[in-house]
Amino acid sequence: MGLAVDSLTVKYLFTGFIIGILSGLLGVGGGIFLIPVLTVYFGLIQHKAHAVSLAVVLPTAAAGAVIYGFHGDMDLVLGIKLALGGIIGATIGARAMQKIPAAVLKRLFGMLLCLTGVRMLLP
């Protein structure tokens, strides 16, 4: 009795693997990479891609944070303070997202990516 895995599941697993590597390497939650992949490659609607991305961030970020902690790079007190504010902000943001049309949400996310990219390139 073998475990049957369809090709879509393999694609999801591989995507998660690559997103995990990028998240751990670059110190990001993964949404920056995952949302475009989910919408363009897998055809998810914008709202669902954002929701799935948030569900993926917790275990991905936790795994990366543990490894960073083992190497002495974690400021746990700072992380907890930011997380407490982030929980409140994410709750508000997730509720607000439901009122934003998908096309507008897509543009807002694109602008965030562009602004972040430009800022990272500046000295």
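Might you check whether a residue that is closer than 19 Å to G24 by Cα, within 16 Å of the chain's Cα centre (by Cα) and touching a residue at least 12 places away in the same chain (Cβ under 8 Å) occurs anywhere in the stretch 80-92? The answer is no, given that none of the residues of the stretch 80-92 is closer than 19 Å to G24 by Cα, within 16 Å of the chain's Cα centre (by Cα) and touching a residue at least 12 places away in the same chain (Cβ under 8 Å).
Restricting the stretch 17-33 to residues that are farther than 14 Å from I67 by Cβ and out of contact with any helix residue (DSSP H, G or I) (no Cβ under 7 Å at 6 or more places or on another chain), the residue that is surrounded by the fewest Cβ atoms within 10 Å (Cβ to Cβ) is F17.
The listed residues are T39, T60, T116, and the only one of them that is modelled with pLDDT under 90 and under 30 Å from V10 (Cβ atoms) turns out to be T60.
This table checks each residue for (1) farther than 23 Å from G117 by Cα; (2) modelled with pLDDT under 95.
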{"position": "S23", "(1), (2)": "no, yes"}
{"position": "G64", "(1), (2)": "no, yes"}
{"position": "I67", "(1), (2)": "yes, yes"}
{"position": "G72", "(1), (2)": "yes, yes"}
{"position": "K81", "(1), (2)": "yes, no"}
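Which residue is surrounded by the most Cβ atoms within 10 Å (Cβ to Cβ), if the candidates are limited to the stretch 52-79 and must be touching a residue at least 12 places away in the same chain (Cβ under 8 Å), under 26 Å from V37 (Cβ atoms) and among the small types (G, A, S)? This residue is S53.
Check whether at least one residue in the stretch 76-93 is under 22 Å from M120 (Cβ atoms), in a helix (DSSP H, G or I) and either of a type in the set (S, T, N, Q) or in contact with a Ser or Thr (Cβ under 9 Å, 6 or more places away or on another chain) (or both), and report yes or no. Taking every residue of the stretch 76-93 in turn, none turns out to be under 22 Å from M120 (Cβ atoms), in a helix (DSSP H, G or I) and either of a type in the set (S, T, N, Q) or in contact with a Ser or Thr (Cβ under 9 Å, 6 or more places away or on another chain) (or both).
For the stretch 81-100, does any single residue satisfy the condition of being under 21 Å from L38 (Cα atoms), in contact with a helix residue (DSSP H, G or I) (Cβ under 9 Å, 6 or more places away or on another chain), loosely packed, with under 10 Cβ neighbours inside 10 Å and among the hydrophobic types (A, V, I, L, M, F, W, C)? The answer is no; no qualifying residue exists.
The values are calculated or read from the model by the stated rules, or taken from the named source; none is laboratory data. Fair warning: this is a prediction, and the values are worked out from it, not measured in the lab. Cβ coordinates were reconstructed from backbone atoms using ideal geometry, including for glycine residues, and neighbour counts include every protein chain displayed.
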